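Asker: I have a structure here, written as structure tokens, and I will follow up with some questions on it.
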Amino acid sequence: MDGDHVLLYLDQRRTFLVKVEAGKTFHTHKGFIKFDDIIRKEYGSTVLSSTGVRFTVLRPLLRDYIMKAVRRTQITYPKDIALIIIFSGIGPGSQVAEAGTGTGALTTALAHFVRPNGRVYSYEVRGEFLETAEKNLKRAGLMEYVELKNKDITAGIDETGLDAVILDMATPWLVVPHAYKALKPCGTLVSFSPTIDQTVKTVEALKENGFIDIETVECLMRGMQIERGKTRPQTLMTAHTGYITSARKALEPVSEKEA
Ligand SMILES: C[S@@+](CC[C@H](N)C(=O)[O-])C[C@H]1O[C@@H](n2cnc3c(N)ncnc32)[C@H](O)[C@@H]1O
């Protein structure tokens, strides 16, 4: 376990994603934990802090790396990432272009699913964001599947024959013609936008540029509190993140009027 990341779990609200380093300690508000005590343990076992509080040592999941990423921007949330992945149709071996990298949360998920022989080409105009994204990707052990590009994707996509183009950026409609050229036939475009105005412009551009099977959804996730006699939805929820639009590249698009 030395050199690996673990999730130290106290309860659902108090978890810590840390790198285990022999001879060192990790300090929490419940006392410190000696990494040497963790190294000898299996995932799922517990460790006592200096004040006698018990933490469970968990193997981090993809969602832990996403939610604990050092943030420079708003990130794409796991509920939206799940749909983006399924609409894009990507999997091991897929070649994917993405923009903007931002914090790299969505990039982390894309890299997770295209490995071991796929690649994510991630475009970002702000160089300083790429530095943070690189750190987040390295921590998740996924940097080798990603090429970070300090470029404006509205100026064009360098790659061709792509399986998918994934967008979470201010002006996705400007990327649509470039995406059509970069995608292989039947390749997918998935775009996430917080506003309806962006979504309408993107859908119009998709219709005008040879894409079919265009669909827009919003995913609302409501947590439940479960306890006999008191089970009900949680009072508070994230009311809005964004709209997800997906489409496929057709070689000979048939207009809806013709169909
Ligand atoms: C909301 S953030 C993306 C967050 C990212 N999906 C994540 O999960 O961490 C949007 C990013 O798009 C970048 N961006 C905006 N326009 C762009 C463009 N034309 N080309 C590349 N990146 C762009 C911004 O700098 C910003 O970092």
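Asker: What's the lysine pair count for the stretch 106-259 at a Cα cut-off below 30 Å, pairs eight or more apart or interchain?
Answerer: Taking the stretch 106-259 as the scope, the lysine pair count is 28.
Asker: Compute the whole-percent fraction of alpha carbon pairs in the stretch 177-221 spaced more than 16 Å apart. Show your work: numbers first, answer last.
Answerer: On the way: 387 of 990 pairs.
Percentage above 16 Å: 39.
Asker: Over the stretch 5-60, what is the mean sequence separation of C-alpha contacts under 8 Å (at least six apart), divided by residue count, expressed as relative contact order in percent? Each step should come with its number before you reach the end.
Answerer: On the way: 105 pairs, mean separation 20.3, N = 56.
About 36 percent, as a whole number.
Asker: Same structure again: Work out the FRET efficiency for Asp197 and Gln225 from their Cβ-Cβ distance, taking R0 = 30 Å, and round it to the nearest 0.05.
Answerer: Numbers: r = 36 Å, r/R0 = 1.19.
That pair, Asp197 with Gln225, gives E of 0.25.
Asker: Using +1 at the Cβ of each Lys and Arg and -1 at the Cβ of each Asp and Glu in the chain, identify which of Leu142, Thr25, Val175 lies farthest towards the dipole's positive end.
Answerer: Among Leu142, Thr25, Val175, the one farthest towards the positive end of the dipole of the chain is Thr25.
Asker: Can you tell me which aspartates and glutamates have their Cα less than 16 Å from the Cα of Lys19? Leave out same-chain residues fewer than eight positions away.
Answerer: Asp2, Asp4, Asp36, Asp37, Glu42, Asp64
Asker: Okay, moving on. How far, in degrees from 0 to 90, does helix 127-139 lean away from the longest principal axis of the Cα atoms of the chain, to the nearest 10?
Answerer: In the chain, helix 127-139 runs at an angle near 50 degrees to the longest axis.
Asker: Treating only the Cα positions of the chain as identical point scatterers, give the base-10 log of I(q)/I(0) from the Debye formula at each q in 0.09, 0.10, 0.12, 0.16 Å⁻¹.
Answerer: Debye curve over Cα of the chain, log10 I(q)/I(0) at q = 0.09, 0.10, 0.12, 0.16 Å⁻¹: -0.48, -0.58, -0.78, -1.14.
Asker: Now, a different point. For the stretch 208-259 and the stretch 1-28, what is the centre-to-centre distance using only Cα atoms, to the nearest Å?
Answerer: One Cα centre to the other: 35 Å.
Asker: Separate question: Given charges of +1 on the Cβ of Lys and Arg and -1 on the Cβ of Asp and Glu, with all other atoms neutral, how large is the dipole of the chain about its Cα centre, in debye to the nearest 20?
Answerer: Details: 34 positive and 31 negative charges, 254 e Å.
Once rounded to the nearest 20, the dipole reads 1220 debye.
Asker: What's the FRET efficiency of Lys34 with Lys138 using the Cβ-Cβ distance as r and R₀ = 35 Å, to the nearest 0.05?
Answerer: Numbers: r = 25 Å, r/R0 = 0.71.
Given R0 = 35 Å and the Cβ-Cβ separation, E is 0.90.
Asker: Moving on. Only loop residues by DSSP count here, and only those with at most 12 other Cβ atoms within 10 Å; note down the GluC sites (Glu not before Pro) in the stretch 1-110 that meet that. Don't jump to the answer; show the numbers that get you there.
Answerer: Working: sites: Glu21, Glu42, Glu98; in loops: Glu21, Glu42.
Those that pass, being in a loop and sparsely packed, are Glu42.
Asker: Given a cut-off of 21 Å, what percent of all Cα-Cα pairs of the stretch 4-134 lie beyond it?
Answerer: Working: 4276 of 8515 pairs.
For the stretch 4-134, the fraction of Cα-Cα distances above 21 Å is 50 percent.
Asker: Output the Kirkwood hydrodynamic radius of the stretch 5-60, Cα pairs only, in Å rounded to one decimal. Spell out each step's value before the answer.
Answerer: Values: mean 1/r = 0.0914 Å⁻¹.
Radius from the Kirkwood sum: 10.9 Å.
Coordinate-derived values only; no laboratory data. Keep in mind the model is a prediction, meaning the values are calculated, not measured. Ideal geometry is used to build each Cβ from the backbone, glycine not excepted, and the neighbour counts take in all protein chains shown.
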